[in-house]
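Some notes on the structure that comes next.
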Amino acid sequence: MLGSLHTYLALAQKLSFTLGSLIYFVFAVIVVKQTTMMTKNVNDKFNPVLIVLAYLHFALTILLVFLTLTLL
Amino acid sequence: MPRVSDVNNVAPENSPPPISFPAAFDINAKVYEIFGHTKSPFSSSLIFPKVFNFIERNDDETILIALRPHWVTNAPWLLTGIILFICPPFFRYIPLIDILSLNYLFILSFFWYLISAAFCFEKFLSWYFDVYIITNRRVIDIDFYNLLTKKFSETELSKIQDVTSEVSGIGQSVFNYGNVLIQTASEIDEITFSKIPRPDKVVKILQGMVDGGGK
């Protein structure tokens with residue numbers, strides 16, 4: 001009885017982490033879109049760095065989703 | 001004519017002619033004299049910027065000054081960002097979190113750092129792209145809200161009726177930043193430059209341009 005409860009809790013934990021990382025993935029896509037839109041509208045010296053940072057954040061989010069799915 | 005447009009809207013083709021200033025009011029010399037020179041891309045005030053541009057600019061339009069909120073307005077989110085970044089090592093002392101396995105703790109810390117970085121990045125974007133522009137034709141306020149919404153407000157120099165500056169509080173007085181309120185004779189009756197550095201000097205330049213152009 002206690003064993004199955006522990007299994008359910010572990011499953012819920014894993015599901016919540018996976019769902020969280022997937023929602024965050026959507027947010028990372030929006031950040032890339034937002035940065036692209038902003039840099040298109042207002043051009044300045046630092047814009048290329050901002051685009052690189054947005055894509056770096058996106059790449060790290062993919063890594064997060066991958067680690068969540070494989071490690072947990 | 002002031003207007004608020006969406007991202008996809010562009011400036012109308014029949015834009016007003018540039019205001020010709022009288023010889024007594026040499027705008028270039030005046031701006032340099034009042035504001036000085038700035039070269040850093042992170043500066044809150046860019047004087048005759050060479051690289052800076054915006055999508056609605058007309059070909060024959062010259063950007064005199066591009067302004068952002070004063071750098072000190074970034075202090076609250078910078079402080080929050082630092083606190084967020086130093087939190088993960090202390091997770092183990094939080095009850096319930098210590099029952100998580102090492103893998104879960106690792107993912108949680110990774111997730112936390114990503115959220116912290118995104119928070120700082122978003123705040124920086126909000127500051128960096130919150131720009132107020134004075135050109136030889138008009139005054140422009142570009143704002144971005146809610147991640148994907150852009151607000152573009154503009155008014156022609158000839159429609160400006162009154163310009164006032166507002167510095168309130170200890171912080172604004174110490175760091176010399178505040179708001180510039182631009183009253184216009186059109187649909188949007190006021191454009192506000194919020195928390196910009198040296199508002200008194202911006203008012204001086206705008207008044208010089210309006211008075212000079214009106215004569």
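The values are calculated or read from the model by the stated rules, or taken from the named source; none is laboratory data. Bear in mind the structure is a predicted one, so any value in this text is a computation, not a measurement. Quick reminder, even Gly has a Cβ in these numbers, built from the backbone with ideal geometry, and neighbours come from all protein chains shown. With ligands, DNA and RNA removed, areas are computed over all heavy atoms of the protein, side chains included. Shrake-Rupley method; radii C 1.70, N 1.55, O 1.52, S 1.80 Å.
When you check B:Val174 against the structure, is it touching a Ser or Thr at 6+ places or on another chain (Cβ under 7 Å) and closer than 19 Å to B:Ser45 by Cβ, yes or no? I'd like the intermediate steps shown before the answer.
Values: touching a Ser or Thr at 6+ places or on another chain (Cβ under 7 Å): no; closer than 19 Å to B:Ser45 by Cβ: yes.
When the stated conditions are applied, B:Val174 does not pass them.
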I need the full set of residues from the range A:16-52 which are open to solvent by 60 Å² or more (accessible area, probe 1.4 Å) and small (Gly, Ala, Ser), in order please. A:Ser16
Would you check which residues across the range B:141-162 are hydrophobic (A, V, I, L, M, F, W, C) and more than 24 Å from B:Val72 (Cα to Cα) and list them? B:Leu148, B:Phe152, B:Leu157, B:Ile160
Could you please find all residues in the range B:127-145 being among the hydrophobic types (A, V, I, L, M, F, W, C), more than 16 Å from B:Val163 (Cβ to Cβ) and assigned to a strand (DSSP E or B)? B:Val131, B:Ile142, B:Phe144
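Just to be sure, is B:Gln172 in a strand (DSSP E or B) and either out of contact with any Pro (no Cβ under 9 Å at 6 or more places or on another chain) or open to solvent by less than 50 Å² (accessible area, probe 1.4 Å) (or both)?
Details: in a strand (DSSP E or B): no; either out of contact with any Pro (no Cβ under 9 Å at 6 or more places or on another chain) or open to solvent by less than 50 Å² (accessible area, probe 1.4 Å) (or both): yes.
Considered against the rule, which asks whether it is in a strand (DSSP E or B) and either out of contact with any Pro (no Cβ under 9 Å at 6 or more places or on another chain) or open to solvent by less than 50 Å² (accessible area, probe 1.4 Å) (or both), B:Gln172 comes out as no.
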Breaking point among (1) open to solvent by 20 Å² or more (accessible area, probe 1.4 Å); (2) at negative phi, for B:Val163: (1)
Kindly indicate whether any position in the range B:186-194 is surrounded by 17 or more Cβ atoms within 10 Å (Cβ to Cβ), touching a His at 6+ places or on another chain (Cβ under 8 Å) and in the same structural domain as B:Ile34 (by TED's automatic domain parsing). no
Of a type in the set (Phe, Trp, Tyr) and either over 30 Å from A:Tyr24 (Cβ atoms) or assigned to a strand (DSSP E or B) (or both): does that describe B:Phe111? no
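Quick check on my filter: what residues within the range A:51-72 are at the interface with another protein chain (Cβ under 7 Å from one of its Cβ atoms), more than 15 Å from the chain's Cα centre (by Cα) and in a helix (DSSP H, G or I)?
Of the residues in the range A:51-72, the ones at the interface with another protein chain (Cβ under 7 Å from one of its Cβ atoms) are A:53, A:57, A:60-61, A:64, A:67-68, A:71-72.
Narrowing further to those that are more than 15 Å from the chain's Cα centre (by Cα): A:71-72.
Within the range A:51-72, just A:Leu71 meets the criteria.
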I'm trying to understand the selection: among the residues of the range B:81-120, which are closer than 17 Å to A:Ser16 by Cα and of a type in the set (Ser, Thr, Tyr)? B:Ser101, B:Tyr104, B:Ser109
Which of the following residues is free of Cβ contacts under 8 Å to residues at least 24 places away in the same chain, in contact with a Pro (Cβ under 9 Å, 6 or more places away or on another chain), at the interface with chain B (Cβ under 10 Å from one of its Cβ atoms) and polar (S, T, N, Q): A:Thr35, A:Thr39? A:Thr39
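Quick check on this structure: which one of B:Ile97, B:Ile115, B:Ile107 is within 11 Å of chain A (Cβ to nearest Cβ), within 22 Å of A:Leu67 (Cα to Cα) and surrounded by fewer than 17 Cβ atoms within 10 Å (Cβ to Cβ)?
Values: B:Ile97 fails: within 11 Å of chain A (Cβ to nearest Cβ); B:Ile107 fails: surrounded by fewer than 17 Cβ atoms within 10 Å (Cβ to Cβ).
Of the residues listed, the single one that is within 11 Å of chain A (Cβ to nearest Cβ), within 22 Å of A:Leu67 (Cα to Cα) and surrounded by fewer than 17 Cβ atoms within 10 Å (Cβ to Cβ) is B:Ile115.
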Taking the condition buried (at least 17 other Cβ atoms within 10 Å of the Cβ), more than 13 Å from the chain's Cα centre (by Cα) and closer than 19 Å to B:Leu64 by Cβ, does B:Val131 pass? no
Consider the range A:15-32. How many of its residues are at the interface with chain B (Cβ under 7 Å from one of its Cβ atoms) and under 28 Å from B:Ser40 (Cβ atoms)? 1
Being open to solvent by less than 30 Å² (accessible area, probe 1.4 Å) and either out of contact with any strand residue (DSSP E or B) (no Cβ under 6 Å at 6 or more places or on another chain) or over 15 Å from B:Arg137 (Cβ atoms) (or both) is the filter here; which residues of the range B:50-81 pass it? B:Phe52, B:Glu56, B:Asn58, B:Leu67, B:Arg68, B:Pro69, B:His70, B:Val72, B:Asn74, B:Gly81
Exactly one of (1) modelled with pLDDT of 90 or more; (2) at positive phi is unmet by B:Phe54. Its number? (2)
